[in-house]
Structure formats: C-alpha cells, structure tokens
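I have placed the structure first, in the form of structure tokens, so that the comments after it can refer back to it.
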Amino acid sequence: MLEIEQTPLKDCFILKPSVFRDHRGTFIESFSQRRFEEVTGLNPEFVQDNQSSSKKGVLRGLHFQKGKYAQSKLVRTVYGKVLD
C-alpha cells in the first residue's frame, strides 16, 4: 500500500511507493489516487508522470509556472538526494 507522510508544508506530502517483488521481478505502485484522497482529503487531477535520471551535479527542470499554466509536482528520489 502507498505510504503517505504529511510534511510541515501545506498540501505537501511524501509518498513512499509500495514495492512488490516476486520471481518475475518488481512492480512499484508510485501513486494511487484512491489512497491519496483517503489520506489527504485532496482530489488531484493527476495527468502526467515522468521519470528521468541525471548524473551528479546536473541541474534539471528549473522552471516557474503560475496562473492557468501552474502545475503541482510529484517528485520522487530513487537513489540519493534531491533539493526541490
């Protein structure tokens, strides 16, 4: 089950995905709208999920959006640390 942890920031949560392993490999549930709504009471319109891999010291995705183009972000760190 997706574990969701609240942070001191309003509407900012840490999502810890469920990892299911068997003889075939690994399956990861990175987001569950039902579970997210259940824990947070929020009903997001989740449209897109991207994953990238960067080498140490790379700055990626520096942007600012507001108004009708504003977007929420789901940030996932597979290994190492991220400053967002």
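The values are calculated or read from the model by the stated rules, or taken from the named source; none is laboratory data. Only a predicted model underlies this, so the values are computations on that prediction, with no experimental measurement involved. For neighbour counting, all protein chains shown are included, and Cβ atoms are generated from backbone atoms with ideal geometry for every residue, glycine included. Remember, those area values only see protein heavy atoms, side chains included, never the ligands or the DNA or RNA. Shrake-Rupley method; radii C 1.70, N 1.55, O 1.52, S 1.80 Å.
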For the pair Q65 and V39, what calculated FRET efficiency results from E = 1/(1 + (r/R0)^6), where r is the Cβ-Cβ distance and R0 = 25 Å, to the nearest 0.05?
-> 0.45
For segment 5-46, convex hull of alpha carbons as volume per residue, Å³ = 80 Å³
Residue by residue through segment 18-23, the couplings from Karplus 6.51 cos²θ - 1.76 cosθ + 1.60 with θ = phi - 60°, in Hz, x for Gly and Pro, are 7, 10, 10, 10, 8, 4
Could you tell me which of the pairs K55/K81; K16/K81; K56/K81; K10/K56; K10/K55 are separated by over 19 angstrom between their Cα atoms in the structure shown?
-> K10/K56; K10/K55
In Å, what is the Rg of the alpha-carbon atoms in the chain, and how long is Dmax?
-> 14.7, 47
Counting Lys +1, Arg +1, Asp -1, Glu -1, what net charge surrounds R35 among other residues with beta carbon under 12 Å of its beta carbon?
-> -2
Can you work out the accessible area per residue across the chain, with the rest of the protein chains kept in place, probe 1.4 Å, in square angstrom?
-> 96 Å²
